[in-house]
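Participant: Pasting in a structure now, in structure tokens, and then I'll have a few things to ask.
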Amino acid sequence: MTAFLLVALGGGAGALLRYAVQRAFIARTGQPRAGTLLVNLVGTFALGLLLGLPLTAENRAAQLLVGTGFLGGLTTFSTVMAQLAELLRAKRWRTAAGYGLGTFVCALLLAAAGYAAGRCIFV
Amino acid sequence: MKTSACVAAGGALGALARYAVALALGAPESGAFPSATFTANAAGCLLIGLLGGLLANRPLPEALREFLSTGFLGGFTTLSAFGVETVRLAADGYAAMAFAYAAASAAAGLVAASAGYALAKAVFRNAREDAA
């Protein structure tokens, strides 16, 4: 029961922060991708860091609240794919390639960097 | 304010649904394909495509639209778990599985989002024409 509460609380907060960042970027840049990219990259690095930390392996509550809930809710896969599909329908090939590759390559690099950093930190 | 509350509620439900999928499918063994995250991400992409195709024909109120897309589907799908699972597979020596997982996730997500959009757009356009 507690597990569901932790996941829901974290997920709600993560989605709310993602929405706020997306809105701020749309207001500034007029397009929805920059804000999505930022929350996705920050969230992916943070999850790598969290799961790399030896301490987290023993702390299930932290995994559920921060990992599954908050960072899972902060980052999104469906929005990226909907944005990519829209770019492809508009035949904006270069923007689609840049956004798609930028999201996936940077996410994997940052996940690796976060994971490595987490394993180096002994608390 | 109302829309923000809808996004938060949708995100909470989406994260719960993703957690439920993970519980149902179980934690992957070392080196195995991360099927829970893959399932949530692919299903979420299909649903967001369907929603987009619906919205192309019939606008929904902003609060409901954001509840479903930014909230529920945004919270249901996740890039961070995908990224860390891929890196862990590679770090544990399963490079081929890491590559297969990354490629399958990207391909399934893009195909599902595109197909969902095309399908819903066609279905709801026909429904609207039939009603007219």
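Participant: List the residues, sorted by chain then number, that are 5 or more residues from residue B:77 or on another chain and whose placed amide H is less than 5 Å from its amide H.
Facilitator: A:77, A:78
Participant: If a/c stays under 1.5 just call it rounded; otherwise compare a/b with b/c (prolate if a/b is bigger, oblate if not). Do that for region A:1-53, with a ≥ b ≥ c from the square roots of the Cα gyration tensor eigenvalues.
Facilitator: Since a/c reaches 1.5 but b/c is at least a/b, the shape of region A:1-53 is classed as oblate.
Participant: Next up: Buried accessible area for the A:B pair, summed, 1.4 Å probe, in Å² rounded to 100?
Facilitator: Buried surface at the A/B interface: approximately 3200 Å².
Participant: Just give the residues from region B:25-55 buried by at least 40 square angstrom of accessible area in the all-chains context relative to the isolated chain, probe 1.4 Å, and say none if nothing qualifies.
Facilitator: With the partner chains in place, region B:25-55 has these residues losing at least 40 Å²: B:48.
Participant: Below 8 Å, C-alpha to C-alpha, sequence gap of six or more: please give me the relative contact order for chain B in percent.
Facilitator: Working: 177 pairs, mean separation 52.5, N = 132.
The normalised contact order for chain B reaches 40 percent.
Participant: Do the sum for the protein assembly as shown: with -39,500 (n - 2.57) for every DSSP H run of n ≥ 4, divided by all residues, what is the mean residue ellipticity at 222 nm, to the nearest 500 deg cm²/dmol? Walk me through the intermediate numbers first.
Facilitator: On the way: 10 runs with 194 residues, N = 255.
Calculated mean residue ellipticity at 222 nm is -26000 deg cm²/dmol.
Participant: For region A:2-121, which whole-number percentage of the solvent-accessible area (1.4 Å probe, protein heavy atoms only) is attributable to carbon and sulfur atoms?
Facilitator: The value for region A:2-121 is 71 percent carbon and sulfur by accessible area.
Participant: Moving on. How high is the relative contact order of region A:2-121, in percent, counting Cα pairs under 8 Å that sit 6 or more residues apart?
Facilitator: 40
Participant: Ok, one more. Loop only per DSSP, at most 12 neighbouring Cβ atoms within 10 Å: give me the chymotrypsin sites (Phe, Trp or Tyr not before Pro) in region A:76-123, ordered by residue number. All intermediate terms of the calculation are to be shown ahead of the outcome.
Facilitator: Details: sites: A:77, A:93, A:99, A:104, A:115, A:122; in loops: A:77, A:122.
When the chymotrypsin sites (Phe, Trp or Tyr not before Pro) of region A:76-123 are filtered for loop state and at most 12 Cβ neighbours within 10 Å, A:122 remain.
Participant: For a label point 7 Å from the Cα of residue B:130 along Cα→C-beta, name the residues of region B:52-91 whose backbone N is under 20 Å from it.
Facilitator: The answer is B:52-59, whose backbone nitrogens lie closer than 20 Å to the label point.
Participant: Between residue A:89 and residue B:39, what is the FRET efficiency for a Förster distance of 25 Å, r being their Cβ-Cβ separation, to the nearest 0.05?
Facilitator: It comes to 0.45.
Participant: To the nearest 10 degrees, how steeply does helix A:78-89 sit against the main Cα axis of chain A, on a 0 to 90 scale?
Facilitator: The answer is roughly 20 degrees.
Participant: When the accessible area of chain B is computed with all protein chains present and a 1.4 Å probe, what percentage of it is carbon and sulfur?
Facilitator: 69
Participant: Residues of region A:66-81 that become at least 50 Å² less accessible with every protein chain present than in their own chain isolated, using 1.4 Å: which are they?
Facilitator: The answer is A:77, A:78, A:81.
Participant: Label-point separation (nm) for residue A:97 and residue A:55, each offset 7 Å from Cα along Cα-to-Cβ?
Facilitator: Taking the two extended label points, one gets 4.5 nm.
Participant: Could you name every residue in region B:69-95 that has 50 Å² or more less accessible surface in the full protein assembly than in its own chain alone (probe 1.4 Å, ligands and nucleic acids excluded)?
Facilitator: B:70, B:79, B:80, B:84, B:87, B:88
Participant: What's the angle, to the nearest 10 degrees (0 to 90), between helix A:33-52's Cα axis and the longest principal axis of chain A?
Facilitator: Helix A:33-52 sits at roughly 20 degrees to that axis.
Participant: Convert each backbone phi in region B:65-82 into a coupling constant with the Karplus relation 6.51 cos²θ - 1.76 cosθ + 1.60 (shift: θ = phi - 60°), then list the ³J(HN,Hα) values in order as whole Hz, x for Gly and Pro.
Facilitator: 4, 6, 4, 6, 7, 5, x, 5, 6, x, x, 5, 8, 8, 8, 5, 5, 4
Participant: Among A:58-69, B:72-83, B:19-30, how do they line up by average Cβ neighbours within 10 Å per residue, starting with the highest?
Facilitator: Output ranking for A:58-69, B:72-83, B:19-30: B:72-83, A:58-69, B:19-30.
Participant: State the answer as a single residue: which of A:74, A:34, A:118 lies farthest towards the positive end of the charge dipole of region A:2-121, with beta carbon charges of +1 for Lys and Arg and -1 for Asp and Glu, about the Cα centre.
Facilitator: A:34
Participant: Can you give me the angle between helix B:2-25 and the longest principal axis of chain B, using Cα atoms only, in degrees from 0 to 90, rounded to the nearest 10?
Facilitator: Taking Cα atoms only, the helix is inclined about 40 degrees.
The values are calculated or read from the model by the stated rules, or taken from the named source; none is laboratory data. Remember, predicted model here, so these are calculated numbers, not experimental data. Glycine also receives a Cβ, built like all others from the backbone with ideal geometry; neighbour counts cover every protein chain displayed. To get the accessible areas, we keep the full protein, side chains included, count just its heavy atoms, and leave off ligands, DNA and RNA. Shrake-Rupley method; radii C 1.70, N 1.55, O 1.52, S 1.80 Å.
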